[in-house]
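Following: one structure in structure tokens, then a few remarks.
Read-outs: derived from the displayed coordinates by stated rules, not from any lab. The model shown is predicted, which means the values in this text are computed figures rather than measured ones. As a convention, Cβ positions derive from the backbone with ideal geometry for all residues, glycine included, and neighbour counts pool all protein chains shown.
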Amino acid sequence: MDRNQQLFERAQACIPGGVNSPVRAFRAVGGTPRFVQRAQGAYFWDANGTRYIDYIGSWGPMILGHGHPAVVEAVQKALVDGFSFGAPTEREVELAEAVMAHLPSVEQIRLVSSGTEAGMSCIRLARGFTGRSLFIKFEGHYHGHADALLVKAGSGLATFGHPTSAGVPAEVAQHTLVLPFNDIEALELAFQKHGAELAAVMIEPIAGNMNFVRTTVPFMKRLRELCTQHGALLILDEVMTGFRVALGGAQSVYAKAIPGFAPDLTVMGKVIGGGMPLAAFGGRRDIMGKLAPLGGVYQAGTLSGNPVATACGLATLREIEKPGFFDALAARTRSLVDGLKAVAQDKGIAFSGDSEGGMFGFFLMPTLPQNYSTVMTTDGPAFNRFFHGMLDRGVYFAPALYEAGFVSAAHTQADIDTTLAAAREAF
Ligand code: PMP
């Protein structure tokens, strides 16, 4: 008796599609979603008691693996003192200081409960600060499901966007310009036409919602210059990359290639909460000072800075701050990607892959794509066969080809070797 199937049928009767977030439903790859019973370290067990090596880690937060003892202890201690107060706590200040110590561009920070909330609040803040309405996002980038961000490109360059979701008024989408990613010409054209009306540009520095696609260094450099020149704010969405690709986030990676590089605002989530509902946004003090209660940009939350979530996030940050943490994580992640490349090559399969810190992506194509339209040329059915081939062998990759993957500190070389042996068979 397949308990996953049983649960999925029960779930579909009471929850739309049987899931509380769409990608979990396995719509893209087909088959039955695995219902997770428990997880420990690099593994989770489904409702049948089958074990999987977990390369999703809750879509990023579980950088230490599941059930890290120091994090469990911190959460247990915090729980006893109270679940939520709706009043300030010392731990919020500690978490704010810890983030600021690693991200020099963040001079002040506000805690919220999801990446969506953080991204949405950043857009409002950017508009309030600049007094402008328009902003730019890039094709294939995901910044949460706020109305203004669920927008796809219109026809032609630098035209206004169309909603990607029913229920988003066209009037809302019309303030969002959607540009092709890594296309300097399109970016320059958009600034030329609309520079004076632009409040902000929001970008995933390493896009993780179209698999894994880096912003090219020349593109990031030009983007920073254009924003500064036209008085538009540069917002880095580091919900996925923050505390994941490096302790200082993707901005620290780009600052190495572009001297003085820094965003005006940063959106954070996932690892910062260690698996609890916690996200944040922060940046220049003059901008953050426009937030209520100091300024006129309203933003609030009953559970913001939740004492249990902050305990979880803080304990997670304390572990990843330890010397050598990211070097070891990056090496392990590279060994997975390099191993997959080698196996694919052996089997004569077109394959490319990339990683930074504990985040990776792979493509069933010979070279790494640089934009969304190239990612979308991937052979979907082939990816789905590979996904199920791996799943059948106890390896859980993202159930969609346009998602990045994650390695945790709990993944051992033996886990990587098991994964590569499975890939050899699946290919
Ligand atoms: N921005 C990015 C880059 C993300 O990857 C995500 C979630 N995958 C979000 C924002 C939204 O975060 P949340 O799901 O916590 O609302």
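Just checking, does the range 217-237 include any residue being among the hydroxyl-bearing types (S, T, Y) and within 16 Å of the ligand (Cβ to nearest atom)? Break it down stepwise before answering.
Start the filter on the range 217-237 by keeping residues that are among the hydroxyl-bearing types (S, T, Y), which leaves 228.
Then drop every residue that is not within 16 Å of the ligand (Cβ to nearest atom), which leaves none.
Looking for residues that are among the hydroxyl-bearing types (S, T, Y) and within 16 Å of the ligand (Cβ to nearest atom), one finds none in the range 217-237, hence no.
Please verify whether D379 is crowded, with 18+ Cβ neighbours inside 10 Å and either within 17 Å of the chain's Cα centre (by Cα) or at negative phi (or both), treating the condition exactly as stated.
Details: crowded, with 18+ Cβ neighbours inside 10 Å: no; either within 17 Å of the chain's Cα centre (by Cα) or at negative phi (or both): yes.
It is false that D379 is crowded, with 18+ Cβ neighbours inside 10 Å and either within 17 Å of the chain's Cα centre (by Cα) or at negative phi (or both).
Identify all residues within the range 393-416 that are assigned to a helix (DSSP H, G or I) and in contact (Cβ under 8 Å) with a residue 24 or more places away in the chain; write none if there are none.
At the first step, the residues of the range 393-416 found to be assigned to a helix (DSSP H, G or I) are 413-416.
Correct list: Q413, D415, I416.
Quick one: how many residues across the range 257-274 are within 16 Å of the ligand (Cβ to nearest atom) and part of a helix (DSSP H, G or I)? Don't jump to the end; show me each part of the working.
Filtering the range 257-274 for residues within 16 Å of the ligand (Cβ to nearest atom) gives 263, 265-274.
Now narrow it down to the ones that are part of a helix (DSSP H, G or I): 270-273.
Total satisfying the criteria: 4.
Identify the residue in the range 40-73 that is in a strand (DSSP E or B) and acidic (D, E) and, among all such residues, is farthest from the ligand (Cβ to nearest atom). Spell out the reasoning first.
Residues of the range 40-73 in a strand (DSSP E or B): 40-41, 43-46, 51-54, 66.
Next, from what is left, pick out any that are acidic (D, E): 46, 54.
Working: D46: 22, D54: 16 Å.
Going through the qualifying residues, I end up with D46.
Any idea how many residues of the range 130-155 are within 13 Å of the ligand (Cβ to nearest atom), under 28 Å from G289 (Cβ atoms) and touching a residue at least 40 places away in the same chain (Cβ under 8 Å)?
5
How about the range 238-256: which of its residues are assigned to a helix (DSSP H, G or I) and under 13 Å from the mean Cα position of the chain (by Cα)?
Taking the range 238-256 and keeping what is assigned to a helix (DSSP H, G or I), we get 249-256.
G249, A250, listed by residue number.
I want to confirm something. Restricting to the range 218-274 and keeping residues that are basic (K, R) and in contact with a helix residue (DSSP H, G or I) (Cβ under 6 Å, 6 or more places away or on another chain), which single residue is surrounded by the most Cβ atoms within 10 Å (Cβ to Cβ)? Explain how you work it out, then say what you get.
First, pick out the residues of the range 218-274 that are basic (K, R): 221-222, 224, 244, 256, 270.
Still in the running and in contact with a helix residue (DSSP H, G or I) (Cβ under 6 Å, 6 or more places away or on another chain): 222, 244.
Details: R222: 15, R244: 29.
The residue in question is R244.
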